[in-house]
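The values are calculated or read from the model by the stated rules, or taken from the named source; none is laboratory data. Keep in mind that this is a model prediction, so the values were computed, not measured. When we count neighbours, we look across all protein chains shown, and the Cβ atoms used for this are built from the backbone with ideal geometry, even at glycine.
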Amino acid sequence: MKAGMKLTGSEILIECLKREGVKHLFGYPGGVVLNIFDMLYDDKDIKLILTRHEQGAVHAADGYARATGKPGVVLVTSGPGATNTVTGIATASMDSVPLVVITGQVPTMLIGNDAFQEADIVGITRPCTKHNFLVKDVNDLAVVVKEAFHIAVTGRPGPVLIDLPKDVTVGKTDFVWPEKVGLPGYKPKLEGNKWMINQAAHMIEKARKPVIVAGGGVIISGAYKELRELAEHTQVPVTTTLMGIGGFPETNKLSLGMPGMHGTYYANKAIQESDLLIALGMRFDDRVTGKTDSFAPTASIIHIDIDPTSIRKNVRVDIPIVGDVKRVLTVLNKTLKTDVKAQWGQVRKAWLKQIDDWKKERPLTYTKSEATIKPQFVVEKIYELTKGDAIITTEVGQNQMWAAQFYKYDVPRSFITSGGLGTMGFGFPAAIGAQLAFPDKLVIDIAGDGSIQMNIQELATAVLNKLPVKVVILNNGFLGMVRQWQELFYSERYSYSRLDVVPDFVKVAEAYGAAGLRATKPSEVEDVLKEGLFKIKKTVFMDFSVDWKEKVYPMVPSGAPIDHMLFEEDEVKEEKKKRLKVVK
Amino acid sequence: MRHTITLLVENKFGVLSRISGLFSGRGYNIESLSVGEEIDPEYSQMTIVTSGDDLIIEQITKQLNKLVDVIKVTDVTEFEHVEREMIIIKVTPKPEKKTEVLNLAGIFRGRVVDSSENTYTIEVTGDEKKIEAFIGLMKPMGIKDLVRTGKVAILREGYKQ
């Protein structure tokens, strides 16, 4: 690029993306973005991954972002191209994932005229983006792109949308790359209040039954090491929320696994009996708290989060600390080491013993079977065979919960799931994005037969780009989680949760040029996994016919306190009671 | 409880919709909202009257602060401040009540800005109590039409934080 030369909007956009370090775009062409796509035709530095649906493009960018920590970038056309991104954007927004979504728009003079393929995407996505822009003048473009990336990745990350009218992509101007961003209303607070951190240190010292609840913020801020230091130094057990999984090693003896609706008995017990909760980068989602009035009734709460609106939104807080988890923990750990002289091992002995007893009393478990494949068994086997060295993505529902419960995650960014929005169809495209970022890693989507069909068209994307994503389908012929609720709370009235026609996934995979494998008996599980995960070097669908009656346990009924858990044993007892009645 | 919140925002396309969308999306009330340009036309000043318990008001101010286009949020209810609202009211008094209407307008420092054979159009500015009192007095006279600006508020100097 020569100095003083005027560039078109499309050229400016591509140049800006390169300066932001973008190597991959995920997208789909269409009328108003053709000028930009024309630029990409012979560009050597940026590769566009053509998905088969715009929703797939956004989830793939999202998976890429979650696996790497770098922003995922999407390019789609106006109207339906733009509206198809909405679910993906909302998914990223709920889980604080940095995305820059560029949508084409009809020419500025046609905006508001109900032009062909026009949609007010800035209006539509206002509540589900961190911020969005409509660029009306090519002179603003470079500044907008710079600001969009800055907003997406800083503070609490999130998706940012740039709407780009066609005339702006052809308009010419001098290219000036802004060195700084000038956003007077945007200053995320990173450093926590020192006095508050000091108070927190003393509360941790005084506490006899403390628990750390670690959320997605631990992973986003890269506070893995700092969290481990805090937990191990002060001997506080750690429960990781669905979004926090991988933020603390699950093989560590201080790990309690996941809390909440399908959390472990010991995590929920520990929270309910604790005298101090240390909440890190989490937002007390209702799936974590259950009934908020009965949540952690005897605990004081220290809440560290970068987003001030997360604090005191759902639960009361005694020590609120607004700041980046990593930075706050660095100061807190230092304070604990210099100012507090406690015999941590001694102080925590009784509490850790109690937690150990709970772990022994009710471990995560399921009834093994030789006759039918138990879905939990498949997940356990995946862990056993990969030894935890894989990136696991999930769909949403039972598959997601079993993937969270029966695989042990020891490192951040090894578990990628749609937590907040709970988007079915997320896992497969997200796995494609993660695989693109890490071509040599084993990337496995743990799916259900319902969810996988929500973005199954992305098989083409995976095959075409030679991405060896492994899809494990826990096939029970049902929307399993819906069925589970219907069984437990709707008198077994399985209203529209039975997927009467489930396709032959092996044939579907083969039709797209991927490999397909199937297991129908427990004895076949290991062989299929070994073949699919290690021997076949391309995209694979592994179809496991699992026990359709299997349910996710423990389970806290919606709106109940989190220590009111249902267990599989209760179900067995109920069954026996029923049978006794029949005998009488 | 009722709160008056003032905002300094970037004078950009879509800002008002971001703010009103935040209120409707999260189920907060807006009792009144007024917007106008600042001295620097790059910025606008907004006054929003809303209601809710302490936790809700805390969330509202935090959520407003989180918006990229919002530069400053002040819950002026917590400080010494001045609030004003203007109404323009069209009344249709019976002939024998016309003088009373004019007298009342005078007492409330209102101005008659338009009149016809059967109507007076009166402009009154003041705080909420004054406005409500004037409307109350005009009701029996026959109100034909009424428009109000919504409140604007500013902190008193010398009493700040």
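What do you reckon, is residue A:164 touching a helix residue (DSSP H, G or I) at 6+ places or on another chain (Cβ under 6 Å), under 22 Å from residue B:18 (Cβ atoms) and away from chain B (no Cβ under 13 Å)?
Judged against the criteria, residue A:164 is not a match.
Hey, can you tell me all the residues within segment B:56-70 that are under 15 Å from residue B:16 (Cα atoms), in a helix (DSSP H, G or I) and within 9 Å of another protein chain (Cβ to nearest Cβ)?
Hits for segment B:56-70 are B:63, B:65, B:66.
Could you tell me whether residue A:310 is of a type in the set (Ser, Thr, Tyr) and within 14 Å of another protein chain (Cβ to nearest Cβ)?
So residue A:310 fits the description; yes.
Failed condition for residue B:73, given (1) within 18 Å of the chain's Cα centre (by Cα); (2) more than 14 Å from chain A (Cβ to nearest Cβ); (3) of a type in the set (Val, Ile, Thr); (4) in a strand (DSSP E or B), with all others met?
Failed condition: (2).
So is residue A:462 within 18 Å of residue A:57 (Cβ to Cβ) and touching a Lys or Arg at 6+ places or on another chain (Cβ under 8 Å) or not? Before the answer, list the steps.
Working: within 18 Å of residue A:57 (Cβ to Cβ): yes; touching a Lys or Arg at 6+ places or on another chain (Cβ under 8 Å): no.
In short, no.
For segment A:436-453, how many residues meet the condition of being part of a helix (DSSP H, G or I) and surrounded by fewer than 24 Cβ atoms within 10 Å (Cβ to Cβ)?
Residues that pass the stated criteria total 2.
Is it the case that residue A:500 is at pLDDT below 95 and either out of contact with any Leu (no Cβ under 8 Å at 6 or more places or on another chain) or surrounded by 18 or more Cβ atoms within 10 Å (Cβ to Cβ) (or both)?
Yes, satisfied.
Checking residue A:543 against (1) surrounded by fewer than 18 Cβ atoms within 10 Å (Cβ to Cβ); (2) in contact (Cβ under 8 Å) with a residue 60 or more places away in the chain, which test does it fail?
Result: residue A:543 fails condition (1) only.
Identify the single condition in (1) more than 14 Å from chain A (Cβ to nearest Cβ); (2) buried (at least 16 other Cβ atoms within 10 Å of the Cβ) that residue B:79 does not satisfy, given that it satisfies every other one.
(2) is the only condition that residue B:79 fails.
Among the residues in segment A:330-345, are any closer than 30 Å to residue A:468 by Cα and either over 25 Å from the mean Cα position of the chain (by Cα) or exposed (fewer than 15 other Cβ atoms within 10 Å of the Cβ) (or both)?
no
If residue A:420 meets every condition in (1) within 24 Å of residue A:221 (Cβ to Cβ); (2) crowded, with 24+ Cβ neighbours inside 10 Å apart from one, which number is that one?
Checking residue A:420 against (1) within 24 Å of residue A:221 (Cβ to Cβ); (2) crowded, with 24+ Cβ neighbours inside 10 Å, the one that fails is (2).
Here are some conditions: (1) farther than 30 Å from residue A:182 by Cα; (2) buried (at least 16 other Cβ atoms within 10 Å of the Cβ); (3) out of contact with any Lys or Arg (no Cβ under 8 Å at 6 or more places or on another chain); (4) of a type outside the set (Asp, Glu). Residue B:113 meets all but one. Which one does it not meet?
Unmet for residue B:113, out of (1) farther than 30 Å from residue A:182 by Cα; (2) buried (at least 16 other Cβ atoms within 10 Å of the Cβ); (3) out of contact with any Lys or Arg (no Cβ under 8 Å at 6 or more places or on another chain); (4) of a type outside the set (Asp, Glu): (2).
Inspect all residues belonging to segment A:281-289 and state whether any of them is under 22 Å from residue B:61 (Cβ atoms), in contact (Cβ under 8 Å) with a residue 60 or more places away in the chain, within 14 Å of another protein chain (Cβ to nearest Cβ) and assigned to a loop (DSSP other than H, G, I, E, B).
For segment A:281-289, residues under 22 Å from residue B:61 (Cβ atoms), in contact (Cβ under 8 Å) with a residue 60 or more places away in the chain, within 14 Å of another protein chain (Cβ to nearest Cβ) and assigned to a loop (DSSP other than H, G, I, E, B): present.
Taking residue B:28 as the residue in question, decide whether it is farther than 20 Å from residue A:132 by Cα and either aromatic (Phe, Trp, Tyr) or crowded, with 18+ Cβ neighbours inside 10 Å (or both).
It is true that residue B:28 is farther than 20 Å from residue A:132 by Cα and either aromatic (Phe, Trp, Tyr) or crowded, with 18+ Cβ neighbours inside 10 Å (or both).
Give the residues of segment A:352-363 that are farther than 20 Å from residue A:212 by Cα and either under 29 Å from the mean Cα position of the chain (by Cα) or surrounded by 16 or more Cβ atoms within 10 Å (Cβ to Cβ) (or both), sorted by residue number.
The answer is A:362, and nothing else.
Being of a type in the set (D, E, K, R) and more than 30 Å from residue A:9 (Cβ to Cβ), is that true of even one residue in segment A:172-188?
Checking segment A:172-188: not a single residue is of a type in the set (D, E, K, R) and more than 30 Å from residue A:9 (Cβ to Cβ).
Of the residues A:502, A:506, which is in a helix (DSSP H, G or I), in contact (Cβ under 8 Å) with a residue 24 or more places away in the chain, more than 30 Å from residue A:560 (Cβ to Cβ) and not acidic (Asp, Glu)?
A:506
For residues that are within 21 Å of the chain's Cα centre (by Cα), within 10 Å of chain A (Cβ to nearest Cβ) and either more than 22 Å from residue B:149 (Cα to Cα) or not in a strand (DSSP E or B) (or both), tally how many sit in segment B:23-55.
Summing the residues that are within 21 Å of the chain's Cα centre (by Cα), within 10 Å of chain A (Cβ to nearest Cβ) and either more than 22 Å from residue B:149 (Cα to Cα) or not in a strand (DSSP E or B) (or both) in segment B:23-55 gives 1.
Do we find that residue A:366 is in a loop (DSSP other than H, G, I, E, B) and crowded, with 22+ Cβ neighbours inside 10 Å in this structure?
So residue A:366 does not fit the description; no.
Which count do you get for residues in segment A:108-140 that are of a type in the set (Gly, Ala, Ser), within 14 Å of chain B (Cβ to nearest Cβ) and under 35 Å from the mean Cα position of the chain (by Cα)?
1
Condition check: buried (at least 16 other Cβ atoms within 10 Å of the Cβ) and in contact with a strand residue (DSSP E or B) (Cβ under 8 Å, 6 or more places away or on another chain). Does residue A:170 satisfy that?
So residue A:170 fails the test.
Which one of these does residue A:271 not meet: (1) β-branched (Val, Ile, Thr); (2) within 14 Å of chain B (Cβ to nearest Cβ); (3) touching a Phe, Trp or Tyr at 6+ places or on another chain (Cβ under 8 Å)?
(2)
If you go through segment A:63-84 one residue at a time, do you hit one that is at pLDDT 95 or above and either within 14 Å of chain B (Cβ to nearest Cβ) or over 28 Å from the mean Cα position of the chain (by Cα) (or both)?
No, segment A:63-84 contains no residue that is at pLDDT 95 or above and either within 14 Å of chain B (Cβ to nearest Cβ) or over 28 Å from the mean Cα position of the chain (by Cα) (or both).
List the number of the failed condition for residue B:120; all other conditions in (1) of a type in the set (Phe, Trp, Tyr); (2) out of contact with any Ser or Thr (no Cβ under 9 Å at 6 or more places or on another chain); (3) surrounded by 14 or more Cβ atoms within 10 Å (Cβ to Cβ) hold.
Here residue B:120 clears every test but (2).
Tally up the residues in segment B:31-60 that are under 25 Å from residue A:183 (Cβ atoms) and surrounded by fewer than 16 Cβ atoms within 10 Å (Cβ to Cβ), please.
Matching residues across segment B:31-60 total 7.
Across segment B:8-22, what is the total count of residues that are assigned to a loop (DSSP other than H, G, I, E, B) and either surrounded by fewer than 16 Cβ atoms within 10 Å (Cβ to Cβ) or within 10 Å of another protein chain (Cβ to nearest Cβ) (or both)?
Result for segment B:8-22: 3.
Between B:84, B:109, which is away from every other protein chain (no Cβ under 14 Å), among the basic types (Lys, Arg) and part of a loop (DSSP other than H, G, I, E, B)?
After applying the criteria, what remains is B:109.
Yes/no matrix, rows are residues, columns are (1) outside any loop (DSSP other than H, G, I, E, B); (2) under 23 Å from the mean Cα position of the chain (by Cα); (3) charged (D, E, K, R):
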site	(1), (2), (3)
A:544	yes, no, no
A:564	no, no, no
A:571	yes, no, yes
A:574	yes, no, yes
